[in-house]
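The values are calculated or read from the model by the stated rules, or taken from the named source; none is laboratory data. Computed from a prediction, not measured in an experiment: that's the story for all the values here. Please note: Cβ atoms are built from the backbone with ideal geometry, for glycine as well, and neighbour counts cover all protein chains shown.
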Amino acid sequence: MCGIFGVMDKRRQMMDGSGIRQALSIMNERGSGEGAGYAAYGIYPDYRDCYALHVFLDNACESKAVVDATLEQWGAIEHDEAIPTYDQPNLRAPCTPWRYFFRPDPSLAPGSATPEKDVITNLVMQINRASNGAEVFSSGKNVGVFKAGGAGSWPEAVADYYRIEDYEGYIWLAHNRYATNNPGRWERPDPFNLHDWSVVENGKITTYGTNRRYVESFGYTCSNFTDSEVITYLIDLLVRRHGLDINLAIRALAPPYWEDIDQMPKTEQDLNRALRFAYGSATMNGPFTIVAANPDMMVGFTDRGKLRPMVVGECGDCLYISSEEAAIRAMEPNVESIMMPAAGEPVIGRVAP
Amino acid sequence: MSNNLGSMPLRYRVTIDREQCMECERCIENCSYGVFRRDGDRILINSRKCTACHRCLAYCPRDAIMLEEQPCDYRSHPVWTRATREAIYNQARTGKIILAGMGSVANLPIIFDHLMLDACQVTTPPTDPLREPVELRTYLGKKPSRLDLRRNPDGDIELATELAPNLMVETPVMLGHMSYGAISLNAQISMARAAKETGTFMGTGEGGLHAGLYPYQDRMIVQVASGRFGVNIDYLERGAAIEIKLGQGAKPGIGGHLTGEKVSKDVSRTRMIPQGSDAISPAPHHDIYGIEDLSQLVRSIKEATEWKKPVFAKIAAVNNTAENVAAVARSSVDAVVIDGFRGGTGAAPRVFRDHVGIPIEVAVASADRELRKQGLRNEVSLIACGSIRESADVVKAIALGADAVYIGTAALAAMGCRVCGNCYQGLCPWGIATQRPDLVERLDPDVASKQVANLIHAWTLEITELMGAAGINSIESLRGNRDRLRGYMLDEGLLDVLDVKPVGA
């Protein structure tokens, strides 16, 4: 049981982090106070063309030297600094959050349609799979993840530790963790991010093994061992590398039952059968609600039995996806509509072009 | 006397409780091996002929018959076991290769029994199959690795990728290849009806397709083996799929031999060989001396059947199974069948059956891993066979990477077979592994087909429950999901090969 929340302004109007802090903390009974995190799009306008790498460093000396050296191999560091933090009475920081604004060298991924993202993917995997005291936990352009774990990591404490009200973004995701394992690891709580995509999950997929073996056969390395990690890689694989529209990617991850496919008109049936044929190993089972975002959209979807809650709200230009209606109302008391999509019915919100 | 060995100690001893016996003579009628005969007012017993097929016990109305295995002790010895000594006496007498029926009797640990399945508790809820769907439907054949899509004039997305033909099975349990000749027509008809009833498929074996099976041909996988018995275009066109047999788990690396006595008129017509002639399948296919030749054969068969049917290839599980499977996956084949070293047989040299090959659990795991590593997993489905004994074995095989399984011995047992291992004698009193008309008649397809269908149905229910308990509602989510297995008392090397964690981890 975790609490998740996402909000998107489709006209890219900026919201500071105070609202989502409020929304997430209203769901504190869904968490255990041992992990929380936020992701925000649009927060680094001054470095909009650089990939913002957020890294947890075990220490700012040896671990940082490893990251510096790796980044210099793959491109150029435009700027780097410690992420500003503010001590909280009950939150113990075992690591130093650092950020780099980085320009990958596209010539290092020859032949790729998205060379910069391939370089970023490679270097994130390279740093994270080694035991070098460094974990890259966010790596997109103009996006950043802020998270913490361990005792005292309630949503308010984590928000205040990073002072997320100082950041302004047009999409925010947040996660209130109910820890089941490795509560002390700061990289464990959601959101999980890989360049464009950030993911928060409430759930526990029963197909982790199948899904991990599948994405790893395409060169991804799962080193965080969380659902959201494998889900992020699946979405990146299906959307960026296989070119599926997001709605088809979601269909592949949480497909209709065969008995429903059998009833569809022929062309639709063919498409859905082919999706299950091609992506059977990507299909996720078990209870989950997922909210994912990239710079252009925010999506929410559940397992096909909808074993975990998902509530959708709309108000003006804003779309909200949440575990609980109360959280939406905490952020926007005048919310205009509240919906509870049926199992297997995804919610896709796109930013106006 | 041509030897000084005398007679061997009795393997079985049959006794009759004379107080219970009412001398109805059903034992005499039922025993095709001639254990019982009447002499005056007594029923006499010749235990030496007994195979422990239990037919007499099963049909004795008074439970008067009792059977004991190995009533005579040898001096116990850990190295010179009874089996090794008896094999030596046998070969000293005959100078021949020892033949044996059914699967390996080597007393080696069974890996399936050391793999424990997972179930959900509180962090994830189990799925209740009574309330929510759990999908066992499986498609066997090539799957695209990615899709080509196009937008039609209405703006809808349509599929541009052409899907290869797949076999759709409603449950991942199929009936394996046992030929007409090795088993009776009634046994084949019983299984074919069961396959039809349960939405699965059945293999013909390499004995051709008897006309009596034509009504079930859309449920038959026709086999092309090295002897090419019964193969012509009509045969290929009748099958739902075609399977090229390259090897067999019970006897990897060697061919097959159906003795002339078993080649009756009907078997002769079905196999397309002269009556009474030995049917010898060579060890290799004489048109396959390299992997590129396999590819030509596969494409020839596909060309002949207009690319409408999936073509499977079956190999025995041996040391380099992973490499073999990866090679076969590149040959236009749609599914690879891997037969483990415990796989059954009508007759195989004992030394092969008990010593050559590797366990199916390991073969499937390493094949699945290699295919994924090489990006070939969607090119072929994997079918595991060779000692699948119960529904839990099916679930474990799929979690190790298989798409579906074939069962053989289990299906025979459902028809009455007691796994006595004397199939090669052709005297099966259950009417299964025999061509003698009076024995074949004992197996009523109306009855036996129901029993086989019951078995598949029961396993399907159990698989559904096991998946539901593990919170998995579709079979493709179980496939290769080794995180849902744990190894109990398996060594680290084996766990590594299986890619399974130990219990408690």
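Things to note:
- The set of residues in region A:75-101 being assigned to a loop (DSSP other than H, G, I, E, B) and among the small types (Gly, Ala, Ser) consists of A:93 alone.
- Any hit, region A:260-282, residues being closer than 30 Å to residue A:144 by Cβ, more than 8 Å from chain B (Cβ to nearest Cβ) and β-branched (Val, Ile, Thr): no
- Of everything listed in (1) under 21 Å from residue B:200 (Cα atoms); (2) away from every other protein chain (no Cβ under 14 Å), the single unmet condition for residue B:401 is (2).
- Meets criteria (of a type outside the set (Asp, Glu) and without any contact (Cβ under 8 Å) to a residue 40 or more places away in the chain) for residue A:69: yes
- Selection count, region B:201-233, where residues are modelled with pLDDT of 95 or more, touching a Ser or Thr at 6+ places or on another chain (Cβ under 6 Å) and crowded, with 24+ Cβ neighbours inside 10 Å: 3
- Residue check, residue A:232 facing chain B (nearest Cβ under 9 Å) and out of contact with any helix residue (DSSP H, G or I) (no Cβ under 9 Å at 6 or more places or on another chain): no
- Just one of (1) more than 14 Å from every other protein chain (Cβ to nearest Cβ); (2) outside any helix (DSSP H, G or I); (3) without any contact (Cβ under 8 Å) to a residue 60 or more places away in the chain fails for residue B:413. It is (2).
- Residue B:84 vs. criteria among the hydroxyl-bearing types (Ser, Thr, Tyr), in contact with a Leu (Cβ under 9 Å, 6 or more places away or on another chain) and not assigned by TED's automatic domain parsing to the domain that holds residue B:182: no
- Residue B:251, sole failed condition from (1) in contact with a Pro (Cβ under 7 Å, 6 or more places away or on another chain); (2) surrounded by fewer than 19 Cβ atoms within 10 Å (Cβ to Cβ): (2)
- Answer from A:251, A:329, A:240 - the residue that is among the basic types (Lys, Arg) and more than 14 Å from chain B (Cβ to nearest Cβ): A:329
- Hey, residue B:70 more than 14 Å from chain A (Cβ to nearest Cβ) and either loosely packed, with under 13 Cβ neighbours inside 10 Å or within 30 Å of residue B:160 (Cβ to Cβ) (or both) or not: yes
- Of B:466, B:455, B:490, B:495, all but one fail to be more than 13 Å from residue B:171 (Cα to Cα), touching a strand residue (DSSP E or B) at 6+ places or on another chain (Cβ under 9 Å) and in the same structural domain as residue B:389 (by TED's automatic domain parsing); the exception is B:466.
- The residues listed here are A:336, A:325, A:314, A:345; of these, the one that is under 22 Å from the mean Cα position of the chain (by Cα) and at pLDDT below 95 is A:345.
- Residue that is surrounded by the most Cβ atoms within 10 Å (Cβ to Cβ), among those in region A:208-227 that are in contact (Cβ under 8 Å) with a residue 40 or more places away in the chain and away from every other protein chain (no Cβ under 11 Å): A:220
- Checking each residue in region A:102-147 for being β-branched (Val, Ile, Thr) and outside any loop (DSSP other than H, G, I, E, B) picks out A:119, A:120, A:121, A:124, A:127, A:136, A:143, A:145.
- Selection status of residue A:338, within 30 Å of residue B:402 (Cβ to Cβ) and aliphatic (A, V, I, L, M): no
- Residue in region B:446-468 that is more than 24 Å from the chain's Cα centre (by Cα), at negative phi and among the hydrophobic types (A, V, I, L, M, F, W, C) present: no
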